[in-house]
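Where a number appears in this text, it was derived from the coordinates with a stated rule and is not lab data. Keep in mind the model is a prediction, meaning the values are calculated, not measured. Positions of Cβ are backbone-derived with ideal geometry, glycine not excepted, and every protein chain shown enters the neighbour counts.
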Amino acid sequence: MTTDLSHDVGLRAAYDDHGPEIYRFAFRGLGDAGLAQDAVQETFLRAWQSARHYDPGLASLRTWLFAIARNVVIDLHRRRSTASFAHVTADEAGVAAGLPPVTDRTDTVLARAVVTQALDRLSPEHRQVIVETHLRGRTYDELAATSGVPAGTLRSRMFYALKALRVTMEEMGVSW
């Protein structure tokens with residue numbers, strides 16, 4: 001589905017299609033119905049504000065919205081942990097009973113999808129040095145021995161690769 005979030009109709013369609021899922025995601029992460037509603041509202045506000053950065057060729061609308069929602073949930077967690085008021089949980093099944101939150105791999109899956117899409121946008125040389133050193137744990141010397149590229153060049157390449165990755169992820173709507 002292609003949705004133009006800069007128009008009210010497109011934003012409404014995106015909300016209708018993804019709002020309930022984002023609410024459930026936020027509720028599982030926050031354990032508070034009111035904060036989960038705030039998270040959904042903030043997610044769509046941020047999406048609307050940065051709609052010009054959304055590229056359907058890089059990620060589906062759902063993936064992009066969930067990446068924004070993840071950042072919103074993290075922001076709300078931080079804000080809540082520094083607040084001076086007591087936290088009151090919602091009276092919904094599971095939360096009211098005091099059950100611990102269910103393990104949810106959505107966050108991990110979304111993070112991997114976003115990183116994979118960002119890496120795909122880098123040059124092959126930049127992608128290789130990041131994947132080999134950060135994801136596969138190889139040292140610059142090991143990579144130099146197998147690739148024939150001097151370790152110093154690989155270090156320099158890593159510096160520029162990480163800069164390019166940061167810019168790419170910011171263009172995708174990921175905040176740090």
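Enter the Cα centre distance for the pair the stretch 50-77 and the stretch 148-176, rounded to the nearest angstrom.
With the stretch 50-77 and the stretch 148-176 each reduced to a Cα centre, they are spaced 21 Å.
How would you rank 121-129, 61-69, highest first, on the average number of other Cβ atoms within 10 Å across their residues?
Values: 121-129: 17.1, 61-69: 22.7.
Top of the packing list down: 61-69, 121-129.
Using only the alpha-carbon atoms of the stretch 106-176, report the extent along each of the three principal axes, biggest first, to the nearest angstrom.
Sorted largest first, the three principal extents are 37, 21, 18 Å.
Can you give me the distance in nm between label points at SER60 and SER123, each placed 7 Å from the Cα along the Cα-to-Cβ direction?
Reported label-point gap for SER60 and SER123 is 3.3 nm.
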